[in-house]
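The values are calculated or read from the model by the stated rules, or taken from the named source; none is laboratory data. Since this is a predicted model, take the numbers as computed values, not measurements. All Cβ positions, even for glycine, are placed from backbone atoms using ideal geometry, and neighbour counts span all protein chains on display.
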Amino acid sequence: MIKLALSRSALALSLVLAGSAVGCGNLGEESTDTATLELASDGNEAVTASDQSTIDMTDATFDASSALNAAGAADALVIAAGDPVSGKCRSRAKDPSDPSTVIITLTHCAGRFGNKDVSGTEIVHFTVGSDGVIHADFHSENLTANGKPASHTATADITVSGTTRTIAWQGAWERTNDKGVTVKHTSDLTIVVDTTTRCRTRNGTAVTNVGSREISTEITNLQVCRDESGTPGCPTGEVVHTNKAKEKTVAVEFDGTNQAEVTTPKGLTFEKPLICGG
């Protein structure tokens, strides 16, 4: 089960990065302009939205998927082990009118999603193609994040090979943040889940709009693994955020330790701490 990995790692870095920029007026030793500060903050929104869409809202779908028929895939999701953190605030049940659909109910889920309180339902509908690929459609209903409206839609084509799940993913997440600004996020990713090593790896691109600002994100081999107790380790890989209109780029490289290397638009490189590992 790989659910909190990035919420406690890459996301933690983004929060540190944004907080450093806004609170001190600098990133590392470099004096920053408003555009750089905005990009740091928007990068946080992008990573948060990616985690929300591809990890939190999918629940155990990728780990459980292995059946050769849609109803079996739905059954496997319903009985999958609950996440050690969010299992108490979410429940799963088959749609009584459709054996291939699962209704995930979230009731005041806290400590995830980059929000304090998430409620609503996520509907997962399975189909299986003639080539054995499991297709999952996701959409939310009556979803709120911190009491404000939110929405999620996605499609995932899941190819099962032994203990490996390779997912072709396209998703969209939208919410109103605590500043009252609309955040819209879309992603086009390849996600690989290894149920034996408990590792999840993401590659691909995303676009995030924070109000009128737009940033693009490139995710390269971003991997987090859990230990046997379910504790997420520190990530490896790289995330690059770019505001093309302002010609600004911030790159974050992870090496599996609790320190990430940040490269600013002016090319300055420095380390920032992560909250990850046991």
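Structure values in brief
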read-out	value
Pair list, Cβ < 7 Å and 6+ apart or interchain, from the stretch 130-154 residues that are surrounded by fewer than 15 Cβ atoms within 10 Å (Cβ to Cβ) to residues that are outside any strand (DSSP E or B)	132/68; 147/117
Positions within the stretch 59-97 being over 20 Å from residue 161 (Cα atoms) and at pLDDT 90 or above, in sequence order	78, 79, 91, 92, 93, 94, 95, 96, 97
When residues of the stretch 231-250 are limited to those that are of a type outside the set (Val, Ile, Thr) and within 13 Å of residue 46 (Cα to Cα), the one nearest to the chain's Cα centre (by Cα)	241
Odd one out for residue 270 among (1) over 22 Å from residue 201 (Cβ atoms); (2) of a type outside the set (D, E, K, R); (3) not in a strand (DSSP E or B)	(3)
Set 101, 107: member being at pLDDT 90 or above, surrounded by 15 or more Cβ atoms within 10 Å (Cβ to Cβ) and among the polar types (S, T, N, Q)	101
The stretch 215-259, residues that are more than 18 Å from residue 187 (Cα to Cα) and basic (Lys, Arg)	226, 246, 248
